[in-house]
Amino acid sequence: MTGLRLKDLRVVIDGRDGPQVPVDGVSLEVGARECVTLLGESGCGKSLTALALMRLLPEGLRIASGEAWLADTNLFALPEKAMRSIRGGRMAMIFQEPMVSLNPVMSIGEQIVESLHVHRGLRGGRAGDEVGRLLLAVGLEPAMAASYPFQLSGGQRQRALIATMLAGEPEVLVADEPTTALDVTVQAQILRLLRRLQHERGMGLLLITHDIDVARDMADRVMVMYAGQMVEWAERERLFERARHPYTRTLLRVLPSARRRGEILEHLAGNVPSLGTGHTGCRFAERCPDAVDRCRAEAPPVHAVGDGHWVRCHLALEPQSARRDTVSAGGRLEPALRIGAPLLEVNDLAVHFPIRRGVFKRTLGWVKAVDGVCLHLAQAETLALVGESGCGKSTLAKAILRLLEPSRGSVRLDGQEITTLRGEALRKRRSQMQIIFQDPYSSLNPRMRVGEILEEGLLSLRPDLDRTARVSRVGALLERVGLERGAARRYPHAFSGGQRQRIAIARALAVGPRLLLCDEPTSALDVSVQAQIINMLKALQDQEGLAYLFITHNLPVVGYLAHRIMVMYRGRIVEEGTTEALFASPLHPYTRLLLDSAPGHGLRAEAITRGDGRVAETGCPYAHRCPMTEARCRSERPILRAVGADRLVACHLVGGD
């Protein structure tokens with residue numbers, strides 16, 4: 001057959017305590033023009049399966065058994081020299097982080113030419129022409145061949161990496177989380193591009209993701225992986241409509257959405273078993289409430305439960321109605337505190353960065369990262385701030401906290417002006433407002449124990465507490481975010497991503513804030529961990545009246561958690577309204593684009609027009625991308641005005657009161 005066939009792959013780590021098996025007996029097939037999606041939590045073995053296919057396993061890991069056939073070529077039997085001609089040629093891989101995968105000291109064009117020379121023997125003018133064609137195929141201008149990776153945005157780097165991988169004209173493309181943490185618009189572009197190239201080139205696609213909505217949009221067949229084994233696989237429609245394995249049903253039921261507002265998100269307790277765990281029965285048994293004694297004592301067989309639908313479970317043939325829910329019981333959220341008077345008031349806030357050139361670094365202009373933003377946020381309220389990367393969301397949050405100095409404007413917290421505070425007065429006031437960063441690992445000091453990290457803020461802002469009181473408060477904080485008190489003695493690297501995010505939240509809560517600025521706090525988390533974090537944030541808000549400024553590009557999370565939404569584009573707010581109203585009838589063209597680009601909508605958004613990238617000082621900042629632009633849009637800047645009782649919109653094409 002054409003395409004890829006993997007049979008009984010077993011990857012082993014040889015350790016002092018015996019071999020560990022992170023991938024155990026995995027089989028799959030990817031046909032021409034077919035997309036097969038691997039789903040599962042982090043640590044299930046998805047990426048290791050892909051690396052084994054490419055013969056790129058890290059040092060210390062080896063392929064113990066199995067076969068991998070690319071058409072009639074046995075990949076595992078090839079010597080490394082022969083495999084190098086396959087890797088990047090007949091079979092290529094897109095890695096999760098393009099900045100790490102691209103050579104920082106080579107231009108994009110040079111990297112593509114390198115692949116063209118190695119795999120297709122092209123040089124000189126022919127190679128240059130092919131570089132331009134490949135860049136156009138992935139939606140980039142041929143002139144970008146001279147650019148270096150650091151000069152490109154995240155989406156552009158991912159496109160450049162795809163162009164490099166396509167240079168060898170692969171029969172099969174392996175994509176490992178190619179859209180994680182990208183904006184919804186860029187994510188839609190990348191997925192649409194992969195689907196188009198897949199059909200145009202007759203290419204098979206193995207897509208690894210933990211985003212279930214991406215799988216809904218892209219997959220022909222879905223394979224669910226847990227603890228190194230495939231536990232369920234079927235065609236996309238059948239699996240999403242008739243999932244039979246308890247783990248699969250869990251993954252499908254923990255997703256937040258607007259229709260689940262007010263509910264407690266169901267989630268799966270516990271973690272994927274560690275590599276050193278010995279398995280005698282079902283690997284999911286310790287987390288599955290359906291488990292019986294046989295599940296813990298005997299490895300489960302694989303059952304056929306339909307045409308092309310297979311499940312690895314002792315209970316697969318039992319009637320669905322006889323089985324209990326796998327996830328924790330849901331319920332309704334009953335807020336203990338109601339939304340009150342404004343806690344945070346921001347008026348005409350701007351952050352402008354100078355553009356300097358020449359020997360004397362004269363200021364020639366300004367980058368208006370935040371340009372005249374106004375907002376208000378009440379106690380116990382969540383205000384979501386959405387928009388693409390680079391629109392100014394994180395800069396706005398840092399300016400509110402005075403981590404960046406505003407160029408102009410006013411920030412009032414509980415009636416007190418923040419922008420005029422200095423020194424000790426500002427430091428004390430910051431105890432009332434804290435921030436949770438996107439990446440908890442880089443924001444936690446790796447050389448400090450968790451207890452020291454949590455105690456640091458207390459030492460600075462709560463000098464009234466003695467050593468005993470601080471230790472007691474640290475322990476209580478850890479329990480409050482769902483961790484054991486003993487976690488205080490460990491370092492950040494000893495925790496999973498979700499646990500590290502809980503530690504970051506505990507640090508923010510340590511000094512008793514009233515306002516939390518959450519900058520992408522659930523980005524790149526597994527769906528089950530995401531549900532736990534969201535439940536915790538919602539419970540804290542309902543119990544203590546915390547206010548959240550929630551920065552994210554995850555629109556399902558926004559629909560579930562936020563009371564109001566502000567849409568930001570190039571430093572300005574273009575639309576504001578209640579969550580229900582904005583999701584039901586977005587008015588600004590940019591808001592409609594964001595909602596249509598969200599995964600799970602079948603990639604229905606049209607291709608995004610970016611124009612030449614230049615934005616005039618006059619006119620609407622979105623005019624260069626808007627398909628409905630008129631002459632007035634390019635000459636007059638729209639102001640944010642009321643459209644009905646619950647909406648503000650900055651658009652010439654939307655009527656106001």
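Within segment 158-177, does at least one residue satisfy the condition of being among the hydrophobic types (A, V, I, L, M, F, W, C), assigned to a loop (DSSP other than H, G, I, E, B) and closer than 23 Å to residue 388 by Cα? It would help to see each step written out before you state the result.
We begin by selecting, within segment 158-177, every residue among the hydrophobic types (A, V, I, L, M, F, W, C); these are 160-163, 165-167, 172-175.
Then keep just the ones that are assigned to a loop (DSSP other than H, G, I, E, B); that gives 167.
Pick out the ones that are also closer than 23 Å to residue 388 by Cα and you get none.
So far as segment 158-177 goes, no, none of its residues is among the hydrophobic types (A, V, I, L, M, F, W, C), assigned to a loop (DSSP other than H, G, I, E, B) and closer than 23 Å to residue 388 by Cα.
Which condition number does residue 517 fail, the rest of (1) in a loop (DSSP other than H, G, I, E, B); (2) at pLDDT 90 or above being met?
(1) is the only condition that residue 517 fails.
Quick grid of which residues meet (1) within 28 Å of residue 376 (Cβ to Cβ); (2) touching a Phe, Trp or Tyr at 6+ places or on another chain (Cβ under 7 Å):
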residue	(1), (2)
484	no, no
497	no, no
516	yes, yes
520	yes, no
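Tally up the residues in segment 600-625 that are open to solvent by 20 Å² or more (accessible area, probe 1.4 Å), modelled with pLDDT of 55 or more and closer than 29 Å to residue 195 by Cα, please.
5
Hey, any hits in segment 573-581 for a residue that's of a type in the set (Asp, Glu), more than 30 Å from residue 650 (Cα to Cα) and either part of a loop (DSSP other than H, G, I, E, B) or open to solvent by 10 Å² or more (accessible area, probe 1.4 Å) (or both)? Let's see the steps before the verdict.
Going through segment 573-581, the residues of a type in the set (Asp, Glu) turn out to be 575-576, 580.
From the residues that got through so far, the ones that are more than 30 Å from residue 650 (Cα to Cα) too are none.
No.
Examine segment 338-352 for a residue that is in contact with an Asp or Glu (Cβ under 9 Å, 6 or more places away or on another chain), at pLDDT below 85 and not aliphatic (A, V, I, L, M), and state whether such a residue exists.
The answer is yes, given that some residue of segment 338-352 is in contact with an Asp or Glu (Cβ under 9 Å, 6 or more places away or on another chain), at pLDDT below 85 and not aliphatic (A, V, I, L, M).
Answer with yes or no whether residue 542 is more than 16 Å from residue 344 (Cβ to Cβ) and touching a residue at least 12 places away in the same chain (Cβ under 8 Å).
When the stated conditions are applied, residue 542 passes them.
Can you find, within segment 465-490, the residue that is farthest from the chain's Cα centre (by Cα) among those that are open to solvent by 70 Å² or more (accessible area, probe 1.4 Å) and not charged (D, E, K, R)?
468
Just to be sure I understand the filter: pairs with C-beta atoms under 8 Å, separated by 6 or more residues or on different chains, first member in segment 502-514 and free of Cβ contacts under 8 Å to residues at least 60 places away in the same chain, second member not aliphatic (A, V, I, L, M). Which pairs pass?
502/482; 506/480; 510/455; 510/457; 510/473
With (1) open to solvent by 30 Å² or more (accessible area, probe 1.4 Å); (2) under 22 Å from residue 549 (Cβ atoms) as the list, and residue 493 as the residue in question, which single condition is left unmet?
Exception for residue 493: condition (2).
Which of the residues belonging to segment 645-657 are open to solvent by less than 40 Å² (accessible area, probe 1.4 Å) and touching a helix residue (DSSP H, G or I) at 6+ places or on another chain (Cβ under 8 Å)?
647, 651, 652
Residues that are of a type outside the set (A, V, I, L, M, F, W, C), closer than 18 Å to residue 574 by Cβ and open to solvent by 70 Å² or more (accessible area, probe 1.4 Å): find the strands (runs of 3 or more DSSP E) completely inside segment 348-456 holding 1 or more of those.
Values: elements: 362-378, 382-386, 408-413, 433-436.
Once the strands (runs of 3 or more DSSP E) in segment 348-456 are filtered for at least 1 residues that are of a type outside the set (A, V, I, L, M, F, W, C), closer than 18 Å to residue 574 by Cβ and open to solvent by 70 Å² or more (accessible area, probe 1.4 Å), what remains is 362-378.
Just one of the numbered conditions (1) open to solvent by 60 Å² or more (accessible area, probe 1.4 Å); (2) free of Cβ contacts under 8 Å to residues at least 12 places away in the same chain is not true of residue 125; which one?
Tallying (1) open to solvent by 60 Å² or more (accessible area, probe 1.4 Å); (2) free of Cβ contacts under 8 Å to residues at least 12 places away in the same chain, residue 125 fails exactly one: (1).
For segment 70-84, how many residues meet the condition of being open to solvent by less than 70 Å² (accessible area, probe 1.4 Å) and either more than 19 Å from residue 9 (Cα to Cα) or in contact with a Gly (Cβ under 9 Å, 6 or more places away or on another chain) (or both)?
Count: 4.
Would you mind stating whether residue 136 is aliphatic (A, V, I, L, M), out of contact with any Leu (no Cβ under 6 Å at 6 or more places or on another chain), more than 19 Å from residue 38 (Cβ to Cβ) and assigned to a helix (DSSP H, G or I)? Spell out how you get there, then give the answer.
Working: aliphatic (A, V, I, L, M): yes; out of contact with any Leu (no Cβ under 6 Å at 6 or more places or on another chain): yes; more than 19 Å from residue 38 (Cβ to Cβ): yes; assigned to a helix (DSSP H, G or I): yes.
Here the answer is yes, as residue 136 does meet what is asked.
Kindly evaluate residue 547 against the criterion of being under 19 Å from residue 396 (Cα atoms), hydrophobic (A, V, I, L, M, F, W, C), in contact with a Phe, Trp or Tyr (Cβ under 7 Å, 6 or more places away or on another chain) and crowded, with 22+ Cβ neighbours inside 10 Å. Before you say what the answer is, go through the steps one by one.
Working: under 19 Å from residue 396 (Cα atoms): yes; hydrophobic (A, V, I, L, M, F, W, C): yes; in contact with a Phe, Trp or Tyr (Cβ under 7 Å, 6 or more places away or on another chain): no; crowded, with 22+ Cβ neighbours inside 10 Å: yes.
No, not satisfied.
For (1) of a type in the set (S, T, N, Q); (2) more than 27 Å from the chain's Cα centre (by Cα), each residue gets a yes or a no:
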| site | (1), (2) |
| --- | --- |
| 98 | no, no |
| 127 | no, yes |
| 133 | no, yes |
| 164 | yes, no |
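For residues that are among the charged types (D, E, K, R), exposed (fewer than 15 other Cβ atoms within 10 Å of the Cβ) and out of contact with any helix residue (DSSP H, G or I) (no Cβ under 8 Å at 6 or more places or on another chain), tally how many sit in segment 267-305. Write out each step before concluding.
Start the filter on segment 267-305 by keeping residues that are among the charged types (D, E, K, R), which leaves 283, 286-287, 290, 293-294, 296, 298.
Subsequent filtering for residues that are exposed (fewer than 15 other Cβ atoms within 10 Å of the Cβ) retains 293-294, 296, 298.
Among the residues that remain, those that are also out of contact with any helix residue (DSSP H, G or I) (no Cβ under 8 Å at 6 or more places or on another chain) are: 293-294, 298.
Looking only at that region, the number is 3.
The values are calculated or read from the model by the stated rules, or taken from the named source; none is laboratory data. Nothing here was measured: the structure is a model prediction, and the numbers come from that model. Note: ideal-geometry Cβ built from the backbone for every residue, glycine included; neighbour counts use all protein chains shown. When the accessible area is computed, the model is the full protein with side chains, heavy atoms only, and any ligands, DNA or RNA have been set aside. Shrake-Rupley method; radii C 1.70, N 1.55, O 1.52, S 1.80 Å.
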